[in-house]
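Take a look at the structure below.
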Amino acid sequence: MEETWDAEFEETLRTFLPDMNPEDVLSPDTDLVLAGLNSIGTVELLLALEDRYEVAVPDEFLESSMFGTPASLWKVFSGLRSSD
């Protein structure tokens, strides 16, 4: 079973999804681009999550697929947090 993200992750992510209403469910397979994540938002989201979780995402992890869904993004950040 896949680990569910924490409230801070969802709160941070939602600030970069202007096409999602607050009452919309953010599911693991939500398409982040369809939810409003754009190229500038992607960079800002990455920096916000790195700051919030006090990790640095290695360059080799930076692929567009990482930002495809909440699950793919959380997988990277939860993995980096557990390796500390």
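The values are calculated or read from the model by the stated rules, or taken from the named source; none is laboratory data. Here the structure is a predicted model, which means the values were calculated and not measured. Cβ atoms come from the backbone with ideal geometry, glycine included; neighbour counts cover every protein chain shown. In case anyone asks, the SASA skips ligands and DNA or RNA and just uses the protein heavy atoms, side chains included. Shrake-Rupley method; radii C 1.70, N 1.55, O 1.52, S 1.80 Å.
At-a-glance table
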| item | result |
| --- | --- |
| Residues located in the range 27-45, provided they are polar (S, T, N, Q) and either within 17 Å of VAL76 (Cβ to Cβ) or in a helix (DSSP H, G or I) (or both) | THR30, SER39, THR42 |
| Residue within the range 55-68 that is open to solvent by 90 Å² or more (accessible area, probe 1.4 Å) and in contact (Cβ under 8 Å) with a residue 40 or more places away in the chain present | no |
| Yes/no for VAL55 being at pLDDT below 95, assigned to a loop (DSSP other than H, G, I, E, B), closer than 17 Å to SER72 by Cβ and aliphatic (A, V, I, L, M) | yes |
| Residue check, PHE77 open to solvent by less than 20 Å² (accessible area, probe 1.4 Å) and modelled with pLDDT under 95 | yes |
| Positions within the range 10-26 being open to solvent by less than 90 Å² (accessible area, probe 1.4 Å), in a helix (DSSP H, G or I) and not hydroxyl-bearing (Ser, Thr, Tyr), in sequence order | GLU10, LEU13, ARG14 |
